[in-house]
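K.L.:
Encoded as structure tokens, here's the structure I'll be asking about.
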Amino acid sequence: MARAFQIAVIGWLSVCLASCTPPARDKPWEKVKIGDIAPSQGGLPKGMPGRLLKTINFDAHIFEIPAENIGKLKDIWRTLHTTPLRFNNYDAFKDNLFSVRYGQIGMWNKILDLLRVAGSQRIVKVSLLLPDGQPSDLAVTGLNSQRTISYVSSNGSRESAPVGPGVIVLRIKAEKISDARGVCDVVAYPVFSPPIRSSVPQLAARARLREFYFGCAGFGVKMSPGDFVVLGPEKYLSDQTALGGLFFSNPQGSMFFSETERKPLQLKPAVRIFLLVCTGINY
């Protein structure tokens with residue numbers, strides 16, 4: 001049911017992509033300038049011959065692995081890089097149990113092999129076409145009712161936020177770097193987003209005032225077509241009232257099949273792994 005709800009939410013989000021200005025508490029993230037795999041060729045929109053649709057394109061993949069195999073993610077972290085990545089507050093990022101690494105096209109098959117070793121299964125693949133500087137949301141998990149989420153803020157204090165009902169998403173923004181050909185600045189961070197049930201701009205804007213931005217778990221990086229980032233948990237946390245546990249953990253479990261052991265499908269607690277791949281900059 002959880003996976004069906006997640007996929008339904010992603011479909012909903014693709015119809016009404018969020019495009020808003022964050023509240024003042026995380027405003028600095030909106031101003032940060034931090035800079036399958038084959039680059040896509042820019043297509044022509046209907047009715048506009050001879051003009052390219054100016055977008056920055058990504059493929060977003062969500063994998064699940066059995067929680068018992070989370071130790072195998074260390075091989076992925078060791079293979080990829082941290083140097084190009086930037087954080088609002090690295091200590092807060094880690095204290096919320098978030099981990100992220102950067103890779104390039106030559107590492108892609110190696111990472112897929114390591115995910116297979118960890119027993120992964122891909123549950124979602126979404127293509128995102130982002131107009132320059134405009135955000136797009138990748139749905140992570142749904143909240144059917146209100147709850148209080150604890151997190152470590154950017155100043156290092158432990159805080160809590162009442163959220164729900166709605167959706168926890170990974171909000172992604174990208175801007176082309178004007179003086180660097182084929183390079184864009186990408187910023188991503190978790191957001192709670194309430195349901196937006198009206199197409200009236202004023203009512204939709206009012207609903208977005210209830211959004212909550214977890215800039216403490218945000219990151220940024222410069223990317224070119226073929227570059228990718230892997231986002232995952234530092235460790236398994238089943239607690240769904242903590243930001244790290246809510247974002248990465250699926251304690252209800254998913255069905256997994258072992259390729260190395262001849263066992264039937266088994267229901268196991270799972271963790272989510274996110275791969276964000278830059279596939280094209282159409283400018």
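The values are calculated or read from the model by the stated rules, or taken from the named source; none is laboratory data. Owing to the predicted nature of the structure, the values given are computational and were not obtained by experimental measurement. Every residue, glycine as well, gets a Cβ built from its backbone with ideal geometry; the counts of neighbours run over all protein chains shown.
K.L.:
Which of the residues that make up region 203-240 are aromatic (Phe, Trp, Tyr) and either closer than 25 Å to Gln146 by Cα or in contact with an Asp or Glu (Cβ under 6 Å, 6 or more places away or on another chain) (or both)? Spell out how you get there, then give the answer.
P.N.:
Of region 203-240, the ones aromatic (Phe, Trp, Tyr) are 212-214, 219, 228, 236.
Correct list: Phe212, Tyr213, Phe214, Tyr236.
K.L.:
Looking only at residues that are of a type in the set (A, V, I, L, M) and within 29 Å of Gly253 (Cβ to Cβ) in region 215-242, which one is surrounded by the fewest Cβ atoms within 10 Å (Cβ to Cβ)?
P.N.:
Applying the first criterion (of a type in the set (A, V, I, L, M)) to region 215-242 yields 217, 221, 223, 229-231, 237, 242.
Add one more test, that the residue is within 29 Å of Gly253 (Cβ to Cβ), and what stays is 217, 229-231, 237, 242.
On the way: Ala217: 28, Val229: 23, Val230: 25, Leu231: 21, Leu237: 20, Ala242: 18.
This residue is Ala242.
K.L.:
May I pose another question? Do we have any residue at all in region 149-156 that's buried (at least 18 other Cβ atoms within 10 Å of the Cβ), assigned to a loop (DSSP other than H, G, I, E, B), among the small types (Gly, Ala, Ser) and in contact with a Pro (Cβ under 9 Å, 6 or more places away or on another chain)?
P.N.:
Yes, region 149-156 contains at least one residue that is buried (at least 18 other Cβ atoms within 10 Å of the Cβ), assigned to a loop (DSSP other than H, G, I, E, B), among the small types (Gly, Ala, Ser) and in contact with a Pro (Cβ under 9 Å, 6 or more places away or on another chain).
K.L.:
Failed condition for Ala205, given (1) at pLDDT below 95; (2) among the small types (Gly, Ala, Ser); (3) exposed (fewer than 15 other Cβ atoms within 10 Å of the Cβ); (4) in contact with a strand residue (DSSP E or B) (Cβ under 6 Å, 6 or more places away or on another chain), with all others met?
P.N.:
So the condition that Ala205 fails would be (4).
K.L.:
Of everything in region 44-81, what is at pLDDT 95 or above, basic (Lys, Arg) and surrounded by 11 or more Cβ atoms within 10 Å (Cβ to Cβ)? Give them in sequence order.
P.N.:
Scanning region 44-81 gives Lys72, Lys74.
K.L.:
Just give me the residues in region 171-192 being over 30 Å from Leu209 (Cα atoms) and among the acidic types (Asp, Glu), in sequence order.
P.N.:
Residue satisfying the conditions is Asp179 alone.
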